[in-house]
Each structure stands twice: as C-alpha cells, then as structure tokens.
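Report on one structure; see the data block that follows.
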Amino acid sequence: MGTVILEGRLLCKDAAEAEVVKKLLPKHIRLTKAEPGCISFSVTPTEDPWVWMVHEEFEDSGAFEAHQQRAAASKWGQATSGLQRIYTIKGL
C-alpha cells in the first residue's frame, strides 16, 4: 500500500455556501490533521471567494478511507454534502 493523494477544488454556488465553508473549515482541518495516517491536509481560498483548493495526503488507503468516513459523518460533511467537488485521487 502506498500514499494516497487527493487534489482539486471545492466549489460553492453562492455566498451562503461560502459562509458555511468559512465557519466550519477550521475545525474540519484541525480534526483531519489529528487523524492517524494524515500526512498533510489543506483547504485554501483562491481569488474567487466561492472556490477553495484542496490537497490531502494520507499514508495509505486505509487512512484515507477512515478520513472519508469520519468527514462524511461530521457536521462539516453533513453541511457541505451538496457542494460541488472536483477532485483527482492518486494511489487508490
């Protein structure tokens, strides 16, 4: 098993969605970085206030899948489930 890397963009369709991201993102980042197997995790704003660049790196597919499950069940996952995500994943 090797490293899993996810890269891409998180897209909001309006200011209300962008505000949800801004409000919940700090805790989501903190919890993710504390997960076993997380090598790096960043969600950074772009010049467009409704778009964020996402970069995730996990030690292996098990750590990545555990992150996906935790994130989906979290307040972040529930509140942002309708946002468009354009990601590529390497290493699965």
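The values are calculated or read from the model by the stated rules, or taken from the named source; none is laboratory data. All figures in this text were calculated on a predicted structure; none of them were measured in a lab. In this analysis, Cβ positions are derived from the backbone assuming ideal geometry, glycine residues included, and neighbour counts consider all displayed protein chains. What goes into the accessible areas is simple: the full protein's heavy atoms, side chains included, and nothing from ligands, DNA or RNA. Shrake-Rupley method; radii C 1.70, N 1.55, O 1.52, S 1.80 Å.
Condition check: hydroxyl-bearing (S, T, Y) and in a strand (DSSP E or B). Does T88 satisfy that? So T88 fits the description; yes.
Only residues that are free of Cβ contacts under 8 Å to residues at least 40 places away in the same chain and either farther than 18 Å from D60 by Cα or open to solvent by less than 40 Å² (accessible area, probe 1.4 Å) (or both) were counted across the range 20-39, and they come to 9.
A71 meets the conditions (1) of a type in the set (G, A, S); (2) open to solvent by less than 40 Å² (accessible area, probe 1.4 Å); (3) part of a loop (DSSP other than H, G, I, E, B) in every case but one. The failed one is (3). If the condition is being touching a His at 6+ places or on another chain (Cβ under 9 Å) and either in a helix (DSSP H, G or I) or closer than 22 Å to K22 by Cα (or both), then the range 51-68 contributes only E56.
I need a count of the residues in the range 48-72 that are acidic (D, E) and either more than 15 Å from G8 (Cα to Cα) or at pLDDT below 95 (or both). Counting residues in the range 48-72 that are acidic (D, E) and either more than 15 Å from G8 (Cα to Cα) or at pLDDT below 95 (or both) gives 3. Scanning the range 1-36 for residues that are modelled with pLDDT of 95 or more, farther than 15 Å from W52 by Cβ and of a type outside the set (D, E, K, R) returns T3, V4, I5, A16, L31, A34, P36.
In the range 1-23, the condition of being hydroxyl-bearing (S, T, Y), within 11 Å of the chain's Cα centre (by Cα) and farther than 16 Å from G82 by Cα is met by no residue. Annotation for the range 2-18: no member residue is surrounded by fewer than 15 Cβ atoms within 10 Å (Cβ to Cβ) and touching a helix residue (DSSP H, G or I) at 6+ places or on another chain (Cβ under 6 Å).
Being closer than 19 Å to K90 by Cβ and either open to solvent by less than 30 Å² (accessible area, probe 1.4 Å) or not hydrophobic (A, V, I, L, M, F, W, C) (or both) is a property that T44 lacks.
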